[in-house]
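The next block holds one structure in the form of structure tokens; read it before the comments.
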């Protein structure tokens, strides 16, 4: 799955993964991380998610990373934001008060660019990536995070044979394999949400559990 795949998805508006509302699990479970005011929250592969604005409204410093410039520009236009735009080490940086979006390759991001990260919010990043890229993604997170950093991860568990990804099924056993060597993992919630994923229903998926995990770098 190359970068062109995602550019084409945005150009064709094949973005069934995008939601025109804040994810219902974000206000319910993100406060469980107990972050201080002003904590820096990283949102990888953020698209044009309204979750970015919710996190900013809670008083956090929000750092999104998105490959598609079209996605970032649509986010600005649809939310009537007028960012200051600069070039930073190969990324186009869009800055609006406590929200910054780096437009470029997440895997090229460095800890020097992000600064200390208190938490990661992953609503749809891990489940968007095939198996090898999921391992690369987790290794990149390990490079960016420090001991004590946390992560709220929303994942899917369904029969992948019923529908090829993306999105991909990433059940608890795989999360434990990916993160278990360097993070503690706690399942906060599991809920059947197939009725909220019409694209998967139409593709033949018969059951889907959406699961919420809290991770902490040990």
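A compact table of results
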read-out	value
Unique residue being in contact (Cβ under 8 Å) with a residue 12 or more places away in the chain and in contact with a strand residue (DSSP E or B) (Cβ under 6 Å, 6 or more places away or on another chain) when the list is 96, 91, 75	91
Condition check for residue 118: surrounded by fewer than 17 Cβ atoms within 10 Å (Cβ to Cβ), at pLDDT 95 or above and in contact with a strand residue (DSSP E or B) (Cβ under 6 Å, 6 or more places away or on another chain)	no
Helices (runs of 4 or more DSSP H) within region 69-145 that include 2 or more residues under 15 Å from the mean Cα position of the chain (by Cα) and within 25 Å of residue 33 (Cβ to Cβ)	131-144
Residue 200 vs. criteria surrounded by 16 or more Cβ atoms within 10 Å (Cβ to Cβ) and either under 18 Å from residue 25 (Cα atoms) or not assigned by TED's automatic domain parsing to the domain that holds residue 155 (or both)	no
Subset of region 152-184 that is assigned to a strand (DSSP E or B) and touching a helix residue (DSSP H, G or I) at 6+ places or on another chain (Cβ under 8 Å) - its residue that is farthest from residue 140 (Cα to Cα)	158
Complete set of residues in region 185-201 that are touching a residue at least 40 places away in the same chain (Cβ under 8 Å) and part of a strand (DSSP E or B)	188, 189
Test: residue in region 190-212 that is in contact with a helix residue (DSSP H, G or I) (Cβ under 9 Å, 6 or more places away or on another chain) and within 21 Å of residue 145 (Cα to Cα)	yes
Top-ranked residue in region 19-28 [being crowded, with 18+ Cβ neighbours inside 10 Å and in a helix (DSSP H, G or I); ranked as nearest to the chain's Cα centre (by Cα)]	26
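The values are calculated or read from the model by the stated rules, or taken from the named source; none is laboratory data. A quick note: this is a predicted structure, and the numbers were derived from the prediction, not measured. Here Cβ is always computed from backbone atoms with ideal geometry, including for glycine, and neighbour counts include all displayed protein chains.
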